[in-house]
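Trainee: Here's a structure for you.
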Amino acid sequence: MADDRMTAGRTTAPDATPKQHGTLGLALDYGPLLIFFLVYKMSGVFVGTAAFMVAIAAAVLIAKVKLGRVSPMLWLSAILVIGFGGLTIYFHDPKFIQFKPTLIYALFAAILFGGLIFGRPMLKYLLEAAYDGLDDAGWRKLSRNWACFFVAMAVLNEVLRAYVSFDEWLTIKTWGVTLLSVAFGAANIPMLMRHGMSGNAVAGDPPVPPQE
């Protein structure tokens, strides 16, 4: 985690801080899930799960090589994908890989709410991406907003697991939840701009945590 520097009452990051900008950042965050969806459609859930595990491991490796560092959120996503993917294949039961999003959403929400209780906007450290000029109040509001969003997503995933088929669940997860997450991230931008985030940060990479 890079140390932040305080300048004129606002939080900025050193130039050396690794960032996941543009296409590469989106590919690392959403590429493994898209591969899961495509391979599932061609070869079924268990081959798709194996491809998902390989893809998330590749995303970690690419982040390390190209960006110089792997964010804590990507590490956590990779650990859970590989762990629950392994259980899915071993027990031949797709319910394990379906439960993984619920767990990761719950963990992210707990981390963010816990940080807010202790006065630390944890999203600032978990993303390891600097939004130039964003002040501490902005980071706190962003952490709060995403914590609430993750709680809602955990509940939604459990409802989908209970009431729709695996095919419908994966389609909604890949396209619906992804678009909803991007839209939610974009909806936060006006608030972030009011708290000092520069236009360069908006153009570089939207404030959307990984959704694996």
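Trainee: Of Lys95/Lys173; Lys66/Lys100; Lys41/Lys64, which sit over 22 Å apart, Cα to Cα?
Mentor: Lys66/Lys100; Lys41/Lys64
Trainee: Could you compute the net charge surrounding Leu116? Neighbours are other residues with a C-beta less than 9 Å from the C-beta of Leu116; K and R count +1, D and E count -1.
Mentor: +3
Trainee: Another question about this same structure. Using a cut-off of 15 Å between beta-carbons, work out the net charge of the residues near Ile89 (Lys and Arg +1, Asp and Glu -1, Ile89 not included).
Mentor: That works out to +1.
Trainee: Over what distance in Å are the Cα centres of region 24-93 and region 140-162 separated?
Mentor: Cα centroid to Cα centroid, the span is 21 Å.
Trainee: Now for a separate question. In debye, nearest 20, what is the charge dipole magnitude of region 106-160 about its Cα centre with +1 on Lys and Arg Cβ and -1 on Asp and Glu Cβ, if you could check?
Mentor: With Lys and Arg at +1 and Asp and Glu at -1, about 160 debye.
Trainee: Same structure, new question: On alpha carbon coordinates alone, what is the Rg over Rh value for region 17-204, Rh being the Kirkwood radius?
Mentor: Across region 17-204, the Cα-based Rg/Rh ratio is 0.97.
Each reported figure results from applying straightforward, stated rules to the coordinates on display, with no laboratory input. No experiment lies behind these values; they were computed from the predicted model shown. All Cβ positions, glycine included, derive from the backbone under ideal geometry; neighbour counts span all protein chains shown.
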